[in-house]
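Single-structure report; data block below.
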Amino acid sequence: MKWQAQRYMAEVNDHRWYMSQRNDHGIDWREAEQDFIRKDYCNCAEKWRETYCLHICPFSKNCLFAAQMLNNLEEGELRKAG
């Protein structure tokens with residue numbers, strides 16, 4: 001999916017920039033990508049899926065997956081508040 005690929009590349013590029021700042025030298029894109037996958041990808045993948053399914057996808061109003069995701073988010077918010 002084009003949106004997800006663009007999101008992924010942007011996140012890896014951001015990660016690469018932060019790694020370069022921490023290490024005081026440029027970091028190769030592949031090295032940054034590997035580090036990103038090890039450290040951050042799982043958290044990002046869930047957020048991306050939520051963003052795309054609930055706010056971007058033109059079929060979200062008729063999608064059972066999006067409805068379930070919204071239900072899970074609402075239940076989580078109720079637990080936090082309770």
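The table below lists the values:
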quantity	calculated
Lysine pair number, Cα distance threshold 19 Å (strictly under), the chain, separation 8 or more or different chains	4
Residue-averaged 222 nm ellipticity for the chain, from DSSP H runs of 4+ at -39500 (n - 2.57), nearest 500	-25000 deg cm²/dmol
Gyration tensor verdict on segment 2-81 (Cα atoms; rounded if a/c is under 1.5, prolate if a/b is larger than b/c, oblate otherwise)	prolate
Degrees, to the nearest 10: 41-51 long Cα axis against longest axis of the chain	40 degrees
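Bear in mind these aren't lab numbers, they're just calculated from the coordinates by the rules spelled out. Because the structure is predicted, anything quoted here is derived from the model rather than measured.
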